[in-house]
Amino acid sequence: MAEPFRIKVVEPIRLISREERQRKIREAGYNVFGLVSDDVYIDLLTDSGTSAMSDNQWAGIILGDESYAGCRGFSHLEGAVRDVLGFNYVVPAHQGRAAERLLFQVVVKKGDVIPFNMPFDTTDACIRSLGGRPVNCVADIAYEPQAIDPFKGNIDLVKLRALITEVGAQRIPFIMLTITNNAGGGQPVAMSNLKAVKEVASEYNIPVFIDAARCAENAYFIQQREGGYQNKALAEIIREQFSYSDGCAFSCKKDPMANIGGLIGLNDEELYQKILPLLIAQEGFITYGGLAGRDLEAVARGLYEMTDDDLMANRIRQVEYLGERLDKAGIQIIKPVGGHAVFVDAAAFLPHIPQDYFPADTLAVELYVESGVRGVGLGALAFSIPDEETGEIIPPKMELLRLAIPRRVYTDRHMDVVAEGLKRVYERRNQVRGLRIMHAPPVLRHFLARLEPV
Ligand code: F0G
């Protein structure tokens, strides 16, 4: 089946020359975050806020009600959150990390421990800034890029129980599942795992929250891979996922295809009431939360759109298409291919570059120079953290180049260009040299670092 949409508006893009690309990346401190988008041909930096909105979402933008209090868009958002996610209370926020921060400020205390499958980087940073400690409890197979498993985002229940026993339930304010697991390659969490985590949490009276950014992609994998879900509609599976949780923080810039927006969904009125004063102080009044009324409309409509079975099947097919092309060329990728991105194993691609010289970021730079394609390195530059006791810097277990595909934006021809570019880098991989840091802040350094070739 071809795309279940046709193209009504187009945005020109241009490929600058190789010499220009070499100059631009040098000026950007060998960090793809420093590039301006006009110098990028195909932008796979992120699938966040970069998707193409539908005509229906754009129509919502025009109809947006900009009243300060009680705008129509908020009622529509409440309706969508109730229908699609199953939560009665909605806290709007300008994006996912703002929603998380509002929730975490109320529930995380200094010294708390929060079990995750794996937190996203800004989520991790937010919890640490509040004195909490996120702990990865993802199943070990998540760290084996080549191991095929349908649900590599699952929490390992043995690790979870061991952690609860070790630190005590009173120090665990909640458990959080990122669906799909972005930091682990966009890998899904099984419905059976969501259910089992909720059961363990209930034994100890610990709430479960979902980081829902890609909950519709996760539901699609459940539909395709988990027994008993083949004949269920995506909409039904999405809702069931949330039934095993007490709430969610949601970046609506991903699956709902809005350019901006986030929310918290809850059924606990008391918790909702505690968040409201912070919401007003930090984001805006409770019915707009830092968004324009028009954005609320785009999010509300996007929440319904993300439940479309054909749209999702087509989206995942395109991500798989890119993955297959790279796989056929002998380039090692995380398998199975994730929901929103293809993750290239940069450590396997550039085995001669030690982790200290940032193979993932090096590969992102090389791909840009080769073909004007912007991916992002997710490895030691992004995820190294100091050990709590010794202060020693611990690098992450994987070095990955993420090629995140915006929804409804690029064609398969664009994917061909991406694959060809990476294949050309692969052919000359032995000549590629690593990068070292010139300047970097102590945290979230991959966004701001300036580097130079070794
Ligand atoms: N949670 C997950 C799983 C995410 O992937 C992101 C953002 C957030 C929370 C934060 O949401 O950006 O709206 O504040 N991920 C983007 C990415 C930035 O490129 O993967 P936000």
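The values are calculated or read from the model by the stated rules, or taken from the named source; none is laboratory data. On a predicted model such as this, the values are computed, not experimentally measured, just so you know. In this analysis, Cβ positions are derived from the backbone assuming ideal geometry, glycine residues included, and neighbour counts consider all displayed protein chains. Side chains included, ligands, DNA and RNA excluded: accessible areas come from the protein's heavy atoms. Shrake-Rupley method; radii C 1.70, N 1.55, O 1.52, S 1.80 Å.
Kindly provide the set of residues from segment 97-144 that are in a helix (DSSP H, G or I), within 14 Å of the ligand (Cβ to nearest atom) and either outside the structural domain of Gly262 (by TED's automatic domain parsing) or aromatic (Phe, Trp, Tyr) (or both), ordered by number.
Phe104
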Across segment 434-450, what is the number of residues that are over 25 Å from the mean Cα position of the chain (by Cα) and under 19 Å from Glu27 (Cβ atoms)? 5
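Just the residues that are in a loop (DSSP other than H, G, I, E, B) and either away from the ligand (no atom under 15 Å from the Cβ) or outside the structural domain of Lys198 (by TED's automatic domain parsing) (or both), please, taken from segment 153-173.
So in segment 153-173, the residues in a loop (DSSP other than H, G, I, E, B) come out as 153-154, 156, 168, 172-173.
Of everything in segment 153-173, those that are in a loop (DSSP other than H, G, I, E, B) and either away from the ligand (no atom under 15 Å from the Cβ) or outside the structural domain of Lys198 (by TED's automatic domain parsing) (or both) turn out to be Asn154, Asp156, Gly168, Ile172, Pro173.
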Any residue in segment 117-144 that is under 19 Å from Lys254 (Cβ atoms) sitting within a Cβ distance under 6 Å of a residue that is within 13 Å of the ligand (Cβ to nearest atom) and of a type in the set (Asp, Glu)? List the pairs, counting only those 6 or more apart or interchain. Thr123/Glu100; Cys126/Glu100
Restricting to segment 221-237, count the residues that are touching a residue at least 40 places away in the same chain (Cβ under 8 Å), open to solvent by less than 40 Å² (accessible area, probe 1.4 Å) and either part of a loop (DSSP other than H, G, I, E, B) or within 16 Å of the ligand (Cβ to nearest atom) (or both). 2
Determine, yes or no, whether Ala147 is more than 15 Å from the ligand (Cβ to nearest atom) and open to solvent by 10 Å² or more (accessible area, probe 1.4 Å). yes
Answer yes or no: is there a residue in segment 281-297 that is in a helix (DSSP H, G or I) and hydrophobic (A, V, I, L, M, F, W, C). yes
Hey, among Arg72, Arg97, Arg82, Arg101, which residue is open to solvent by 20 Å² or more (accessible area, probe 1.4 Å), in contact with an Asp or Glu (Cβ under 8 Å, 6 or more places away or on another chain), at pLDDT 95 or above and charged (D, E, K, R)? Arg72
